[in-house]
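Chemist: Got a structure for you, questions after.
The values are calculated or read from the model by the stated rules, or taken from the named source; none is laboratory data. Keep in mind that what you see is a predicted model, and the values were worked out from it rather than measured. Here the Cβ positions follow ideal geometry from the backbone for every residue, glycine too, while neighbour counts run over all protein chains shown.
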Amino acid sequence: MDKIQLLDRRFKTMIPAEEIDAAVQRVADKLNERYKGKTPIFLGVLSGAFLFLSDLVRKTTFDSRLAFVKISSYEGTQSTGNVKQHLGIDFDIEGKDIIIVEDIVETGHSMNYLLEYLRQRNPASIAICTLFFKPEKFLYEYDIDYVAMPIGNEFIVGYGLDYNQIGRNLKDIYVLDED
């Protein structure tokens, strides 16, 4: 098992790139069925979802638009529970289908904030698509429409996810190595 050092923490491989790619393809196949003949807007949540969004969009077969929003609730390895929006949508989404693409949904605070923000703009539909989902930590009642991989409560890095802004470029997913 490969181990890496990021700043003051050690990590070990948890999910190899090939498993991630297969999971992204499964999600893309489901989206291809649902959005055939439509032109939804992929709304990528920066910064973590950029790799997942890029790979996902390339695996879809329908026309789409791209937009980005930047929200954050993390410091270090912990969620602060306080959501901040740094970038928003600068065009009209009324009557449009929206696919939110997130790297990881944990408590759901950030997603809940984003859902409220989007609903005020009257889209035709909103679907939530996430690479990772932590069902044990999730605090809300809404559905996560497309989950590539459910995981436990581990702190992970790689494939867009970071530890203090480091490690997003890693092709595999790594978990804290506390052995």
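Chemist: For the range 80-102, which residues satisfy the criterion of being surrounded by 18 or more Cβ atoms within 10 Å (Cβ to Cβ), at pLDDT 95 or above and not in a strand (DSSP E or B)?
Modeler: The answer is Lys96, and nothing else.
Chemist: Would you check if Ile15 is crowded, with 17+ Cβ neighbours inside 10 Å, among the β-branched types (Val, Ile, Thr) and farther than 19 Å from Pro150 by Cα?
Modeler: For Ile15, the condition - crowded, with 17+ Cβ neighbours inside 10 Å, among the β-branched types (Val, Ile, Thr) and farther than 19 Å from Pro150 by Cα - is not met.
Chemist: Are there any pairs, at least 6 apart or on different chains, whose C-beta atoms fall under 8 Å, with the first in the range 106-130 and touching a residue at least 12 places away in the same chain (Cβ under 8 Å) and the second small (Gly, Ala, Ser) and exposed (fewer than 15 other Cβ atoms within 10 Å of the Cβ), and if so, which?
Modeler: Short answer, once both residue conditions are applied: Thr107/Gly81; His109/Gly81; Tyr117/Gly88; Asn122/Gly95; Pro123/Gly95; Ala124/Gly95.
Chemist: If Thr13 passes every condition in (1) assigned to a helix (DSSP H, G or I); (2) within 17 Å of Leu131 (Cβ to Cβ) but one, which one does it miss?
Modeler: (1)
Chemist: Which of the residues spanning the range 10-47 are over 16 Å from Asp172 (Cβ atoms) and among the charged types (D, E, K, R)? Don't jump to the end; show me each part of the working.
Modeler: Filtering the range 10-47 for residues over 16 Å from Asp172 (Cβ atoms) gives 25-47.
Answer for the range 10-47, where residues must be over 16 Å from Asp172 (Cβ atoms) and among the charged types (D, E, K, R): Arg26, Asp29, Lys30, Glu33, Arg34, Lys36, Lys38.
Chemist: Hey, could you check the range 33-48 for residues that are at pLDDT below 95 and in contact with an Asp or Glu (Cβ under 8 Å, 6 or more places away or on another chain) and say which is surrounded by the most Cβ atoms within 10 Å (Cβ to Cβ)?
Modeler: Filtering the range 33-48 for residues that are at pLDDT below 95 and in contact with an Asp or Glu (Cβ under 8 Å, 6 or more places away or on another chain), the one surrounded by the most Cβ atoms within 10 Å (Cβ to Cβ) comes out as Val45.
Chemist: Out of the range 18-53, which residues are farther than 20 Å from Pro150 by Cβ and touching a helix residue (DSSP H, G or I) at 6+ places or on another chain (Cβ under 7 Å)?
Modeler: Phe42, Gly44
Chemist: Please go through the range 54-78 and pick out each residue that is at pLDDT below 60 and either surrounded by fewer than 12 Cβ atoms within 10 Å (Cβ to Cβ) or more than 15 Å from the chain's Cα centre (by Cα) (or both).
Modeler: Glu75, Gly76, Thr77, Gln78
Chemist: Taking the stated definitions as given, is Ile128 part of a loop (DSSP other than H, G, I, E, B), hydrophobic (A, V, I, L, M, F, W, C) and modelled with pLDDT of 95 or more?
Modeler: On the way: part of a loop (DSSP other than H, G, I, E, B): no; hydrophobic (A, V, I, L, M, F, W, C): yes; modelled with pLDDT of 95 or more: yes.
When the stated conditions are applied, Ile128 does not pass them.
Chemist: Being part of a strand (DSSP E or B) and more than 18 Å from Met14 (Cα to Cα) is the filter here, so list the residues in the range 131-179 that pass it.
Modeler: Our first condition is that a residue be part of a strand (DSSP E or B); within the range 131-179, this holds for 131-133, 146-150, 156-158, 161, 163, 166, 173-176.
Result: Tyr146, single match.
Chemist: Select from the range 112-125 the residues that are more than 22 Å from Tyr35 (Cβ to Cβ) and within 15 Å of the chain's Cα centre (by Cα) and write down the one among them that is modelled with the lowest pLDDT.
Modeler: Checked the range 112-125; the qualifying residue modelled with the lowest pLDDT is Tyr113.
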